[in-house]
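Just below is one structure, and these are the notes that go with it.
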Amino acid sequence: MAVVNVVELLAESGDSWEDAVRQAVAEATKTLRGITSVYAQEFQATVENDRVKNFRVNVKVSFVLEEGR
């Protein structure tokens with residue numbers, strides 16, 4: 001039986017929300033193995049000088065726990 005764990009991450013990109021999600025997953029893969037999905041649930045943007053400066057996203061990353069050895 002597989003057990004899935006979920007971690008919540010916040011990421012930011014100057015390009016887009018999609019890029020912010022990709023950056024969150026890329027960072028997560030540095031320390032987590034077995035990532036199966038990512039759920040983007042909250043989106044924000046910062047505005048500076050009447051223009052969107054950064055895109056922020058709150059994601060939940062799901063991964064399968066490895067069996068104990």
Exercise for review: State the percentage of accessible surface on the chain attributable to carbon and sulfur atoms; use a 1.4 Å probe and exclude ligands, DNA and RNA.
Suggested key: 48
Check your understanding: Which whole-number value in Å² is the accessible area per residue of the chain, probe 1.4 Å?
Key -> 76
Review point. So which GluC sites (Glu not before Pro) in region 1-68 pass both tests, a DSSP loop state and at most 10 other Cβ atoms within 10 Å of the Cβ?
Key: Glu66, Glu67
Review point. Which FRET efficiency value, to the nearest 0.05, is calculated for Glu48 and Val7 with the Förster distance at 22 angstrom and r the Cβ-Cβ distance?
Key: 0.15
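The values are calculated or read from the model by the stated rules, or taken from the named source; none is laboratory data. All values reported here derive from a predicted model rather than from experimental measurement. In this analysis, Cβ positions are derived from the backbone assuming ideal geometry, glycine residues included, and neighbour counts consider all displayed protein chains. For accessibility, only protein heavy atoms count, side chains too; no ligands or nucleic acids. Shrake-Rupley method; radii C 1.70, N 1.55, O 1.52, S 1.80 Å.
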